[in-house]
Amino acid sequence: MTNEELVEQLIKDGYLKTQLIIDAFKAIDRVRFVPEEQKQFAYKNYPLPIGFGQTISQPLTVAFMLELLEPQPGEKILDIGSGSGWQTGLLAYCVGTEGKVIGIERIPELKEFAEENVGSLETIPQGMIKLLEGDGAKGFEAEAPFDKIIAAAAAHSIPTAWKEQLKVGGKIVAPIDESIHVLERKSQDEFEEKRYFGFSFVPLISEE
Ligand code: SAH
């Protein structure tokens, strides 16, 4: 299987719809984000081990969540649980050179793995992506507010810090237990919430 075939399948199954996100999936090849021994499975539509008990997310889940997030050129996006850096790279492609993506990962070795992976992308200029080691449940105050916040590890509820660090008009897409929640900030203290069921995620590990 090739990346082209994976992308075609995700379009056919209705997960990928938006041209910008389709282009991102074509440019930011998943094979660059998996360990050597997993490269032969890179285009399979399932999660793959990346070490430290973690996985690179399933392509259909990433596609579904990015379609909900609607990343746009010029936006500043916080990516929590950046793991291999694949989704971080996809987001960077979407926001473009006028935008910025900040990835937070709690496992130092994975933060380094992601740095190597995104560093090797010809389509993403250096400096557009900032990767940090830390607890993403706290968000990242120093770069707030964000246009969008996305998480790849499931909490039991949306951390308060994410809501506080989101712009009015902004959006959070995050797994809560086995479902995906979309939170839109309508005003300073008004949030609109939607849920999508039937997914599975690794847990968000936090002291918060
Ligand atoms: N989008 C990534 C997903 C990796 S899985 C990819 O496709 O590679 C989710 C990641 O969240 C794991 O790497 C895990 O270590 C990380 N994680 C879990 N709890 C976290 C926390 N509190 N802060 C930051 N990262 C966390």
*So what is the relative contact order for the chain, in percent, with contacts set as C-alpha pairs under 8 Å and at least six apart?*
16 percent
*Cross-link partners among aspartates and glutamates for LYS44, C-alpha distance below 13 Å, same-chain residues fewer than 8 apart left out?*
GLU4, GLU5, GLU8, ASP29
*Given a Förster distance of 25 angstrom, what is the FRET efficiency for SER187 paired with GLU70, based on the Cβ-Cβ distance and rounded to 0.05?*
0.85
*Burial order of peptide ranges 192-203, 89-100, 67-78, 29-40 (average beta-carbon count within 10 Å, highest first)*: 89-100, 67-78, 29-40, 192-203
*Averaged over every viewing direction, what's the projected area of the C-alpha convex hull for segment 34-92? Give it in nm², one decimal, please.*
4.3 nm²
*asked:* To check my understanding: the extent here is largest minus smallest coordinate of the Cα atoms along each principal axis. What are those three numbers for segment 3-51, in Å, largest first?
replied: 31, 19, 16
*Using alpha carbons only, how many degrees (0 to 90, rounded to 10) separate the axis of helix 59-69 from the longest principal axis of the chain?*
30 degrees
*In nm, to one decimal, how far is the ASN45 label point from the VAL168 one, both placed 7 Å along Cα→Cβ?*
4.1 nm
_If amide hydrogens are placed 1.01 Å from N in the peptide plane, which non-local residues have theirs closer than 5 Å to the one on VAL202?_
ALA154
*Go through segment 38-53 residue by residue and turn each phi into a ³J(HN,Hα) via Karplus (6.51, -1.76, 1.60, θ = phi - 60°); whole Hz please, and just put x for glycine and proline.*
9, 4, 5, 9, 3, 9, 7, 7, 8, x, 10, x, 10, x, 6, x
*P(r) of the chain in 5 Å steps, Cα pairs, percent per bin?*
1, 8, 17, 22, 23, 18, 9, 3, 1, 0
*Given the Cα-Cα distance of GLN9 and ALA142 and 0.36 nm per residue of separation, how much length would full extension add, in nm?*
44.0 nm
*Calculate for the chain the 222 nm mean residue ellipticity that helices alone would give, adding -39,500 (n - 2.57) per DSSP H run of length 4 or more and normalising by residue count, nearest 500 deg cm²/dmol.*
-8000 deg cm²/dmol
*How many nm separate the modelled label positions at THR18 and THR2, each set 7 Å beyond the Cα in the direction of the Cβ?*
2.7 nm
*Sequence-distant lysines (8 or more away, or on other chains) whose Cα lies within less than 22 Å of LYS167*: LYS76, LYS100, LYS130, LYS138, LYS148, LYS186, LYS194
*Nonlocal amide H pairs with LEU131, under 5 Å, H built at 1.01 Å*: GLY103
*Taking amide hydrogens as modeled 1.01 Å from N in the peptide plane, which residues meet the under 5 Å criterion relative to ILE176, leaving out close sequence neighbours?*
HIS181
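Throughout, read-outs are computed from the coordinates displayed, never taken from laboratory work. Note that the structure is a prediction, hence the values are computed from the model and not measured. Cβ: placed from backbone, ideal geometry, glycine included. Neighbour counts: every protein chain shown.
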